[in-house]
1. Rank-order 10-18, 31-39 by packing density, defined as the average count of other C-beta atoms within 10 Å over each peptide's residues, highest first.
2. Suppose only helical runs count, i.e. DSSP H with n ≥ 4. What mean residue ellipticity at 222 nm does that imply for the chain under -39500 (n - 2.57) per run, divided by all residues and rounded to the nearest 500 deg cm²/dmol?
3. Explain nothing, just the number: dipole magnitude of the chain about its Cα centre with +1 on each Lys and Arg Cβ and -1 on each Asp and Glu Cβ, in debye rounded to the nearest 20.
4. D for segment 2-62, whole µm²/s, Stokes-Einstein with Kirkwood Rh over alpha-carbon pairs at 10 °C and 1.306 mPa s: what number?
5. Using each residue's phi in segment 41-48, evaluate 6.51 cos²θ - 1.76 cosθ + 1.60 at θ = phi - 60° and report the 3J(HN,Hα) Karplus result to the nearest Hz, with x for Gly and Pro.
6. Quick check: pseudo-label points 7 Å beyond the Cα along Cα→Cβ at A37 and K63, how many nm apart are they?
7. Among D42, D6, which comes first, second and so on when ranked by fewest other beta-carbon atoms within 10 Å?
Amino acid sequence: MKLLLDSTRCQGYGLCQEPAPDLIDLDEWGYAQPRVAEVPADGEDIAAAAVAACPNSALRLGK
């Protein structure tokens with residue numbers, strides 16, 4: 001499973017990083033940057049929480 005970012009929708013709130021600090025970094029302006037291309041199997045619930053935390057739907061899970 002992949003954690004996909006639509007950078008045009010990210011507004012830099014940083015809420016996605018709170019549930020998933022091992023999967024998402026924030027750049028110097030607070031915009032999300034996924035740390036991994038593939039989410040490990042044991043991290044899928046955490047990735048889903050990060051997706052749910054984004055108020056602008058900038059993140060999604062895909063194959």
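1. On the way: 10-18: 17.0, 31-39: 15.2.
Ranking, from highest mean packing down: 10-18, 31-39.
2. Values: 1 runs with 10 residues, N = 63.
Taking each H run of at least 4 residues, the total per residue is -4500 deg cm²/dmol.
3. Details: 5 positive and 10 negative charges, 61 e Å.
The dipole magnitude comes to about 300 debye.
4. Working: Rh = 11.0 Å.
Stokes-Einstein gives a translational diffusion coefficient of 144 µm²/s.
5. 4, 7, x, 5, 5, 5, 4, 5
6. Taking the simple label geometry, A37 and K63 are separated by 1.9 nm.
7. D42, D6
The numbers here are math on the coordinates, done by the rules we state, and not lab data. Predicted, not measured: the structure shown is a model, and the values here were computed from it. For neighbour counting, all protein chains shown are included, and Cβ atoms are generated from backbone atoms with ideal geometry for every residue, glycine included.
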